[in-house]
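Below: one structure, written as C-alpha cells.
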Amino acid sequence: MKKILTIGKYTLKENISNKVFNGVLYFGVLSIFFTTLLDEVALYEGGRVIRDSGLFLTEFLVMLITVYISSTYVIKAVAEKSIYLVLTKAVTKSKYIMGINLGIIYSVFCNVFVMGCILGIILYTKGQFDWWYIRALFFIGLKLSIVSSLGVFFSIISDSFVTSTIFTLFTYILGHGVMEIKAISEKLTGSVFQWILDLLYIILPKFNLLNYRDYLKQGDTNYFLIIGYVVVYITCVVVATNIAFEKKRL
Amino acid sequence: MNNVISVKNVSLMYKERDIFKKIKGVNGNIGVKNISFDVGEGEIFSIIGLNGAGKTSTLKCILGLIKPDEGEIEVFGKKELKGMDFEKVGYLPEISYYPKSMKLMDLMRYYGELYNIPKVELDEKIDEILKKIGLISRKTDRLEKFSKGMLQKVGIAQAVLNNPKLLFLDEPMSGLDPLARELVIEIILELKSKGTTIFFNTHILEDVASIADRVAIINKGKLVEVLDMKKIMLEQDDFLLKNYFIKTVGEN
C-alpha cells in the first residue's frame with residue numbers, strides 16, 4: 001500500500017510540473033474570470049449564469065487534461081523506458097498501475113480544487129455560494145476519476161495515444177447518454193442490436209448519476225450509493241487494466 | 001563461489017506485430033537463442049556484442065522484465081525476481097529517461113522511497129551519492145536542465161541508492177566524458193570490494209578489459225564464448241580484447 005501511495009504522490013508532483021497540465025489550468029482560471037462578464041450581459045440571475053458556465057468550464061477543461069494525462073502516461077513511461085526504473089524497485093505491475101491511477105485521480109481533484117476555489121470566490125462575492133456548489137465540484141471530481149481510470153485502461157490495451165484518447169472521449173460522451181441507450185434498447189426487443197445496447201448499458205459509466213444539475217431540486221440523493229458506484233466502477237476498470245498490463249510485453 | 005545468476009538454455013523471440021510482414025512470412029526477430037551462463041557472487045560479469053546482438057534482451061530476461069520463451073533463469077537461487085528481492089538489486093537501463101520536470105532531489109527521494117529506505121537515512125544517502133558523482137550542487141535543479149552525461153550519472157546514482165547486492169548496468173559509460181568514466185569504474189570497483197555482484201553490458205571494450213572478471217561475447221542472439229579475463233591476462237601479456245572481439249564476431 002505504501003508503494004502505491006508513493007507512486008501516486010510522485011505522479012501528482014510530476015503532473016503538477018507538466019507544462020500542458022499547467023497551461024490548461026491557467027487557461028481554465030482565466031476563463032472562469034471571464035465568466036464574470038456574463039453577469040453584465042445576463043438579463044436576470046447573473047450569478048447563476050456564472051455558476052453554471054463556470055462549472056461547465058471546470059468540468060470540460062479538467063476533462064481535457066485528464067484525458068491527455070491518463071491516455072499518455074503509461075505509453076510514455078513504456079516508450080521512454082522510465083517504467084523499468086520503477087518496476088525494478090520491488091514494485092509489481094499491479095501496484096504500478098494502481099499508483100498511477102491514484103496519482104491521476106489526485107491530479108483531477110487538485111485541478112478541480114484550484115478552479116473550484118477561483119469560481120467559489122467569485123460566487124461568494126455575488127452571493128451565490130452554497131453547499132450545492134461544493135457537491136457539484138465533488139461530483140465533477142468523481143466523474144473525471146472514472147474518466148482517468150478509463151484513459152489508463154485504453155492506453156494499455158491500444159498502445160497508442162491517439163486511439164486511447166478517442167476511446168476515452170467516446171466513452172465520456174456515451175457515458176452521458178446511457179439512459180438514451182437503454183430507451184433505444186427497450187424498443188429493439190429481440191434483435192442483436194438490443195444485446196449490443198444492453199451490453200453497452202452495463203459496461204458504460206453511468207454519468208447521469210453524477211450529473212450535478214439533476215440534483216438541484218432533489219433532496220433524497222443517496223451519496224453513499226453514488227460514491228460506492230464510482231469506487232466499484234473504478235476498481236473494475238483497474239482490475240481489467242491490471243490483467244491487460246500483466247500480459248503486456250514491455 | 002555461489003552463483004547469483006544462472007541462465008540455462010534461454011531463448012527469446014520478438015514476435016512480428018505487423019500483419020503485412022506476417023503475411024509475407026516474417027515471424028519476428030531473435031532476441032536471444034539458447035544461451036547459458038552463470039554469474040558468481042562478487043563477480044564482475046560483462047556481456048559484449050554488436051548493436052542488436054541480444055545484450056539488453058538477456059539483461060531484461062534476468063530482471064524479469066521480459067519472460068523468455070524457453071529456458072530457465074535463477075537469480076539468488078529463485079526462479080523469478082519478485083517483490084523484496086528487487087530491494088537487493090540496482091538497475092541502470094540503457095536509455096534512462098526521467099520525468100524532465102522533476103527536481104533531482106525529488107527523483108532520488110521517489111526511488112529511495114520505493115526501495116523502502118527510511119526517510120532519515122534517505123536524505124543523507126542521497127547527499128552522499130550526489131557528492132560522489134559531483135551533482136550535489138544541482139540537487140534542486142529540474143532534470144530538463146541536465147546534459148546527457150549528467151542524466152547518465154543520475155541513472156548510476158539511483159542504481160546504487162540501495163547498496164545493491166546485485167547491480168545491472170546497461171551501457172553505463174554511454175555519454176560520459178573520460179573523467180566521468182573513471183568515476184564510474186571507481187564506483188564499480190568500490191561496490192565489488194563490498195561484495196556486490198555486477199552484471200554489465202557495454203560497447204567500450206577497454207573498460208571491460210580493465211574491470212571485468214569474465215566477459216561473454218554474444219552475436220546475433222547466440223552466446224559465442226565466455227572469457228576468463230584474469231586467466232587470459234596471466235597467459236597472454238599482449239591480449240587485446242578489441243582485436244579478439246573483432247576476430248570472433250567476424251568469424252561468426
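Step by step: first the residues of the range B:59-69, then only those that are in contact with a Phe, Trp or Tyr (Cβ under 9 Å, 6 or more places away or on another chain) and assigned to a helix (DSSP H, G or I), then the one that is nearest to B:V10 (Cα to Cα). Which residue is that? The extreme case among them is B:I62. Sub-9 Å Cβ pairs linking a first residue in the range B:181-192 that is on the phi < 0 side of the Ramachandran plot and touching a residue at least 24 places away in the same chain (Cβ under 8 Å) to a second residue that is open to solvent by less than 60 Å² (accessible area, probe 1.4 Å) and small (G, A, S), at least 6 apart or interchain, are B:L183/B:G134; B:L191/B:G90; B:K192/B:G42, ordered by first then second residue. Being touching a residue at least 12 places away in the same chain (Cβ under 8 Å), part of a loop (DSSP other than H, G, I, E, B) and not hydroxyl-bearing (S, T, Y) narrows it down to one of B:E87, B:E80, B:E72, so name that one. From the options B:E87, B:E80, B:E72, the qualifying one is B:E80.
For the range B:107-128, a tally of residues being more than 11 Å from chain A (Cβ to nearest Cβ), assigned to a loop (DSSP other than H, G, I, E, B) and either open to solvent by less than 30 Å² (accessible area, probe 1.4 Å) or touching a Lys or Arg at 6+ places or on another chain (Cβ under 9 Å) (or both) returns 0.
Can you spot a residue in the range A:3-21 that is away from chain B (no Cβ under 11 Å), modelled with pLDDT under 80 and open to solvent by 70 Å² or more (accessible area, probe 1.4 Å)? Checked against the condition, which is being away from chain B (no Cβ under 11 Å), modelled with pLDDT under 80 and open to solvent by 70 Å² or more (accessible area, probe 1.4 Å), the range A:3-21 yields no hits at all. Of all residues assigned to the range B:199-222, at least one qualifies as being under 19 Å from B:P178 (Cβ atoms), in contact (Cβ under 8 Å) with a residue 12 or more places away in the chain and of a type in the set (F, W, Y).
Test A:Y84 against the criterion of being within 30 Å of B:M84 (Cβ to Cβ), within 12 Å of chain B (Cβ to nearest Cβ) and in contact with a strand residue (DSSP E or B) (Cβ under 8 Å, 6 or more places away or on another chain), and give yes or no. Here the answer is yes, as A:Y84 does meet what is asked.
Consider the range A:225-250 and keep the residues that are within 14 Å of chain B (Cβ to nearest Cβ) and assigned to a helix (DSSP H, G or I). The one that is most open to solvent (accessible area, probe 1.4 Å) is A:K247. Scanning the range B:143-186 for residues that are open to solvent by 10 Å² or more (accessible area, probe 1.4 Å), among the charged types (D, E, K, R), touching a Ser or Thr at 6+ places or on another chain (Cβ under 8 Å) and closer than 19 Å to B:F199 by Cα gives B:K165, B:E171. Among the numbered conditions (1) open to solvent by less than 20 Å² (accessible area, probe 1.4 Å); (2) over 16 Å from B:V7 (Cβ atoms), the only one that B:L63 does not meet is (2). Residues that are under 30 Å from A:M98 (Cβ atoms) and among the aliphatic types (A, V, I, L, M) within the range A:1-53 comprise A:M1, A:I4, A:L5, A:I7, A:L12, A:I16, A:V20, A:V24, A:L25, listed in sequence order.
Apart from one condition, A:L209 fits all of (1) at pLDDT 85 or above; (2) surrounded by 13 or more Cβ atoms within 10 Å (Cβ to Cβ); the exception is (1).
Of the residues making up the range B:96-106, those that are within 18 Å of A:K19 (Cα to Cα), at pLDDT below 85 and either open to solvent by 20 Å² or more (accessible area, probe 1.4 Å) or polar (S, T, N, Q) (or both) are B:Y97, B:P99, B:K100, B:S101.
Given the criteria open to solvent by less than 20 Å² (accessible area, probe 1.4 Å), at pLDDT below 90 and within 14 Å of chain A (Cβ to nearest Cβ), does B:L135 qualify? Judged against the criteria, B:L135 is not a match.
Having 3 or more residues that are over 17 Å from B:E94 (Cα atoms) and touching a strand residue (DSSP E or B) at 6+ places or on another chain (Cβ under 9 Å) is the bar; report the strands (runs of 3 or more DSSP E) wholly within the range B:154-224 that clear it. Before the answer, list the steps.
Numbers: elements: B:166-170, B:197-201, B:214-219.
The qualifying strands (runs of 3 or more DSSP E) are B:214-219.
What about B:D177, is it touching a Pro at 6+ places or on another chain (Cβ under 9 Å) and away from chain A (no Cβ under 14 Å)? The answer is no for B:D177. Kindly establish whether B:E251 is open to solvent by 60 Å² or more (accessible area, probe 1.4 Å) and either modelled with pLDDT of 85 or more or within 23 Å of B:K60 (Cβ to Cβ) (or both). So B:E251 does not fit the description; no. Taking every residue in the range A:1-18 that is part of a helix (DSSP H, G or I) and pairing it with any residue that is among the basic types (K, R), at least 6 positions away or on another chain, the pairs with Cβ-Cβ distances below 8 Å are A:K3/A:K95; A:I4/A:K95; A:I7/A:K95. Which one is farthest from B:P164 (Cα to Cα) among residues in the range B:30-60 that are open to solvent by 60 Å² or more (accessible area, probe 1.4 Å) and touching a Gly at 6+ places or on another chain (Cβ under 8 Å)? That would be B:I30. A residue that is in a helix (DSSP H, G or I) and buried (at least 19 other Cβ atoms within 10 Å of the Cβ) cannot be found anywhere in the range B:232-240.
The values are calculated or read from the model by the stated rules, or taken from the named source; none is laboratory data. Predicted model only: the values in this text are computed from it and were never measured. Neighbour counts run over all protein chains shown; Cβ positions are idealised from the backbone, glycine included. Heavy atoms of the whole protein, side chains included, go into the accessibility calculation; ligands, DNA and RNA do not. Shrake-Rupley method; radii C 1.70, N 1.55, O 1.52, S 1.80 Å.
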